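Notes follow the structure.
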Amino acid sequence: MEDRDRPEQGPACSVDLSHRVRVHCPVGKGPEAVVVDPEGRRVYVACSRSDAVVALDLDRAALVWRAEVGREPIPIVLDRPTGRIFSADARSDTVTVLDAVTGARLAQLAVGAYPAGLGHHPGLRRVYSGNTADGTVTAIDADRLEVVGTVPAELGAGSIAVDTERDRGYCANFMAGSVTVFDAAALRPLERIAVREGPCKAVANPAAGHLYVASSLHGTVTRVALATGAVLDEVPVERAPVGMCVDAAGERLYVCNRGAGTVSVLDTAAGREAHRITVGNAPGDCALDPVSDTLLVSNAGSGTLSFVHRPWLPGPVLPAVHPLVGRPLPAFELPDLRGGRIRTSREWAERKYVINFFASW
């Protein structure tokens, strides 16, 4: 075999099988919900303490526009057919509608008390607002920008997941420790699913046939069968999981652990955690950009958005550290190579001589 036919060897051909945090981009105070538009190459973030929504260029991680909305925007959704951003402003009891391209305000609609969650059904042309203090769900026509109905839920109604295949909505009731299942078209409640206390976020995964509910007070994610409403199991994560997203194939669920500064990556088929990603302080929500293989994570405590490349892979392998590293040097006696005199650890500490340590050991 000639030299040009020989396979490459050495460090030049090594493959980096790990995720990388590319940048922590400042966005504003208290960033929460994150929405990605892969075609438009934009990412939108609700900054709850800045009372604003910001748009960033996905490729350059640069600010495109900043728009003021109501007080304390927490969730946002993007309606791609109309190019509109819907922001639920918790302390204003409103939903603000923005133009996704320019950030211009198009409308502001009154909903229930303290709207803290939003759901979206593109096929039915509806946006749903989970009203925490009212224990209700408000339905909004995404085209006409008007309220079309209300669904009773329970106290602490917030995050809303929508199963577009079955036309069902799932509202997580934080204070009631339950999920209200409702008909997304007819706007009527169907059943109640009991879950752990403090459900913060609900995400539907029709590909796997599961609903995921993050229980912030227990540090777990509950898996529910979409077909039957039966609770299947609980997957432990880290402290205070509050935000989640699932990949397009339904194979991985990303869970933001607010109390740990990490994102847990769950294997949905195995129902277990595969690895964790360290991000900023108090991560609140996340979304995926399939074009650049990037996970976007909002860090409410840092005021930043983390760009994580190849998030399905574990992190870099850290060098092994001997357990004695950092501990005081134990007492010892060694012969000096010059003359054979016994030298002690005290003489070493006082630097009274130079010793060939490796040879003497």
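The values are calculated or read from the model by the stated rules, or taken from the named source; none is laboratory data. In this text, all values refer to a predicted model and were calculated from it rather than measured experimentally. All Cβ positions, even for glycine, are placed from backbone atoms using ideal geometry, and neighbour counts span all protein chains on display. Each accessible area value is taken on the protein alone, full model and side chains, heavy atoms only, with ligands, DNA and RNA left out. Shrake-Rupley method; radii C 1.70, N 1.55, O 1.52, S 1.80 Å.
Please sort by residue number the trypsin sites (Lys or Arg not before Pro) in region 125-158 whose DSSP state is loop and whose Cβ has at most 16 other Cβ atoms within 10 Å. Passing both the DSSP loop test and the Cβ count: Arg125, Arg144. For region 148-270, the solvent-accessible area of protein heavy atoms averages 36 Å² per residue (probe radius 1.4 Å; ligands and nucleic acids excluded).
When the chain is described by a simple charge dipole with +1 on each Lys and Arg Cβ and -1 on each Asp and Glu Cβ, the residue from Ile76, Ala46, Ile160 located farthest towards its positive end is Ala46.
In the context of the full set of protein chains, residues of region 58-130 present 40 Å² of accessible surface per residue (probe radius 1.4 Å, heavy atoms only).
What is the percent carbon and sulfur in the accessible area of region 153-297, measuring with a 1.4 Å probe over the protein chains and ignoring ligands?
Carbon and sulfur atoms account for 49 percent of the accessible area of region 153-297.
Give the carbon-plus-sulfur fraction of the accessible surface of region 64-138 in %, rounded to a whole number; probe 1.4 Å, heavy atoms of protein chains only. C and S atoms contribute 48 percent here. Against the set (1) 24.1; (2) 21.4; (3) 27.0, the structure's computed mean projected area of the Cα convex hull in nm² falls on (3). Across region 175-220, Cα-Cα pairs farther apart than 14 Å form 55% of the total.
Which of the three applies to region 143-211, rounded, prolate or oblate, going by the alpha-carbon gyration tensor with a ≥ b ≥ c and a/c under 1.5 meaning rounded? In terms of gyration-tensor shape, oblate. Note on the chain: helix-only mean residue ellipticity at 222 nm, from DSSP H runs of 4+ residues weighted -39500 (n - 2.57) and normalised by residue number, equals -500 deg cm²/dmol.
I'd like the distance between the alpha-carbon centres of region 179-229 and region 39-68, rounded to an integer number of Å. Measuring centre to centre over Cα atoms gives 29 Å. For region 35-75, the equivalent ellipsoid derived from the Cα gyration tensor has semi-axes of 20, 10, 7 Å, listed largest first. The orientation-averaged projection of the convex hull spanning the C-alpha atoms of region 81-200 amounts to 6.7 square nanometres. Stokes-Einstein diffusion for region 188-289 at 37 °C, viscosity 0.692 mPa s, with a Kirkwood radius from C-alpha pairs, works out to 245 µm²/s.
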